[in-house]
Amino acid sequence: MGQSDRKPELSLLIDSIELLCLVPTKPLCSQHETTLGGVGMSSNLVRLTLYGLIVAVDIDLRTLVKEQLGDTRGVVDIFVPELLAKIRDRAARDGLIEDADVYDYLDFPDAIQTLRRHKEALDTSMARFIEKNSTELERLTPIRNRVMHGRPLQFTDYATVDSFVQKLRGRSSRWFPRVLEFENRIRDNPNFVYSLDLSRVGSQSDRIPHNLPLPDYDETGFLGREKETAELLAACRSNWPVVTVVGEGGFGKTALALKVAYELLDDETSDFEAIVWATAKRTVLTLDDIQTIDGAIQDSLSLIKSAAIQLGARTDEDAVMDEVADYLNSFKILLILDNLETVLDPLLTKFIRRSSGKSKILATSRVGIGEMSYPFRLSGLSPAEAVQLLRATARVRRIPDIYKAKSEVLRGYVTGMKLNPGFIKWFVSCVQCGRQPDVAITNPKTFLDFCLSNVYEHVSTAGKHICKAMIAVPGRHPLAMISYLSGLNGDELQQALAALQSANLVSMSSALTEAGSETVYELNELPRLYILKNHAPSGNYALELAVAKCATV
């Protein structure tokens, strides 16, 4: 945190708690736009609730130090010399020189440690509480840092804070009045936290410059994907100049890329000199519609310009590509290009080929970008992770019929949603708004359009012939059968199948036969549902192909 933003942060914390009886009610929504540390972020109900609760704990702890210890001894006796020097220096930077002011500059863990050091001077019940719950208090410190410093939340963050708050009820309630006042207000009206303003909270002074946004998984924290996170981190540290996270829409490509980017940002051993984020995302998904983002990037040149602005490079069309490429070749920069499939064209391909020097390009895309990139393929969650995500999202959204349901019921739901995280979150939103679960799963046209319309529209005519043939005759088919059903052969067939695999519409595997094994192809589940609902072949066409296949058996 910078020198000048400590006091504004403190006043904001106090103001936030004092807002308890003043804030107007706002309608419940899934996201509330605000800013943090000058970087745009999306603060949802969970982050804002955690913010308010942790702020209250922070202030109550500082108050306890002052009231329990400050009334009977001086600051020299309360604080160890190193800590006293630190908090006096912080106060002096804001023009405060009185010892009575230094309590407001205590860090969260310093307040806990100070109370533990002087437990013999505390009220008996207070001392007993601190001793018994010191481990839980210490667990709040990294959560506080994630909330206040604009870091992604972890899966257990909300549960950890909530568990601690519930322990405060009863005999300990008098020590944490602000926490319980805030928690009671949440019980009465969870929506009021949308009136809390995080815009003046100071971001931590990161070791390298970056413009990373907060991810959209704050509701539940980042869940699972430990293996994928480790493997993508290794890929980003490898010699591959370009790594592309490839997968179907809704699989969490952007979330994983951001998770890894923040890991690298906080890794003291990482030698990246800057992390630059640029996104070509054009649309957002609602319950019944796909909305266009105002001012969204529309072409590859605009995406490169977005990166140039963050690097401080020239942005005029004649020079921008060379400028950014020179930066990437001169410094070690992690450039993250999100939703690349919306702007993939020869100009962007040329730029990526030119920028293969010291830096690393990490891209997310629903389609592969060719041999110049290491393809990191992302699939759906495991069944256990998918159930966990469904239950956690429903709990945050307060839908007991879902989060209290038996695991076998939820497994049926997530299987119907193809273990797709985006599908699961959209499904919960539908149920939250009154739709029956079975209806939401069996009629997901809006979600399918969001995930696949901009991919399928770029499929070649030959590729669409193959897709329709595989819809008409489901199952896994060898190359010869696909050639027979689609009427394609030779290079045209091979190129079309390669493009369909690159777009994650078709998957390839091996199947055992009497002669050994052979390569077979199958239409993936989400593309199958999308094509059936939007571009289904006619009944006669399907019947003709089915008869044709039978004739070959």
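The values are calculated or read from the model by the stated rules, or taken from the named source; none is laboratory data. The structure displayed is predicted, hence computed values, not measured ones. Positions of Cβ are backbone-derived with ideal geometry, glycine not excepted, and every protein chain shown enters the neighbour counts.
Residues checked against (1) closer than 23 Å to VAL46 by Cβ; (2) surrounded by fewer than 19 Cβ atoms within 10 Å (Cβ to Cβ); (3) under 23 Å from the mean Cα position of the chain (by Cα); (4) of a type in the set (Phe, Trp, Tyr):
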position	(1), (2), (3), (4)
ARG395	yes, yes, yes, no
GLU408	no, yes, no, no
THR415	no, yes, yes, no
LYS425	yes, no, yes, no
THR442	no, yes, no, no
VAL455	no, no, yes, no
SER460	no, yes, no, no
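State whether the residues of the range 359-372 include one that is touching a His at 6+ places or on another chain (Cβ under 9 Å) and within 22 Å of GLU248 (Cα to Cα). Yes. Screening the candidates ASP401, ASP338 for the property of being among the charged types (D, E, K, R), outside the structural domain of VAL506 (by TED's automatic domain parsing) and more than 30 Å from THR442 (Cβ to Cβ) yields one hit, ASP338. Applying the selection to the range 462-478, what residues are over 14 Å from GLN501 (Cα atoms), over 35 Å from the mean Cα position of the chain (by Cα) and assigned to a helix (DSSP H, G or I)? Once the filter is applied, which keeps residues that are over 14 Å from GLN501 (Cα atoms), over 35 Å from the mean Cα position of the chain (by Cα) and assigned to a helix (DSSP H, G or I), the range 462-478 yields HIS465, ALA469, ALA472.
Matching residues to (1) part of a helix (DSSP H, G or I); (2) touching a residue at least 60 places away in the same chain (Cβ under 8 Å); (3) not hydroxyl-bearing (Ser, Thr, Tyr):
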position: LEU344; (1), (2), (3): no, no, yes
position: VAL367; (1), (2), (3): no, yes, yes
position: GLU371; (1), (2), (3): no, no, yes
position: ARG411; (1), (2), (3): yes, no, yes
position: LYS418; (1), (2), (3): no, yes, yes
position: PHE423; (1), (2), (3): yes, yes, yes
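Checking each residue in the range 467-512 for being touching a residue at least 60 places away in the same chain (Cβ under 8 Å) and among the β-branched types (Val, Ile, Thr) picks out ILE471, VAL473.
Residue-wise test of (1) modelled with pLDDT of 85 or more; (2) out of contact with any strand residue (DSSP E or B) (no Cβ under 6 Å at 6 or more places or on another chain); (3) under 13 Å from LYS464 (Cα atoms).
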| residue | (1), (2), (3) |
| --- | --- |
| MET481 | yes, yes, no |
| GLU492 | yes, yes, yes |
| PRO527 | yes, yes, yes |
| GLY539 | no, yes, no |
| ALA546 | no, yes, no |
| CYS550 | no, yes, no |
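Checking each residue in the range 203-236 for being modelled with pLDDT of 90 or more and closer than 15 Å to ALA261 by Cα picks out GLU228, THR229, ALA230, GLU231, LEU232, LEU233, ALA234, ALA235, CYS236.
The selection criterion, being assigned by TED's automatic domain parsing to the domain that holds THR63, surrounded by 13 or more Cβ atoms within 10 Å (Cβ to Cβ), without any contact (Cβ under 8 Å) to a residue 24 or more places away in the chain and in a helix (DSSP H, G or I), holds for ARG116. Filtered by the rule that a residue be more than 41 Å from the chain's Cα centre (by Cα) and charged (D, E, K, R), the range 120-140 gives GLU120, ASP123.
Restricting attention to the range 146-182, the residues that are of a type in the set (Asp, Glu) and surrounded by fewer than 20 Cβ atoms within 10 Å (Cβ to Cβ) add up to 2.
Specify the residue that is farthest from ASP218 (Cα to Cα); the eligible residues are those in the range 376-395 that are out of contact with any Gly (no Cβ under 8 Å at 6 or more places or on another chain) and not aliphatic (A, V, I, L, M). Result: PHE376. Residues in the range 346-359 that are of a type outside the set (Lys, Arg) and assigned to a helix (DSSP H, G or I): 6 in all. Inspection of the range 385-405 identifies no residue that is part of a loop (DSSP other than H, G, I, E, B), farther than 30 Å from ASP438 by Cβ, free of Cβ contacts under 8 Å to residues at least 12 places away in the same chain and of a type in the set (D, E, K, R). The single condition from (1) in contact with a Lys or Arg (Cβ under 9 Å, 6 or more places away or on another chain); (2) not in a strand (DSSP E or B) that SER509 fails is (2).
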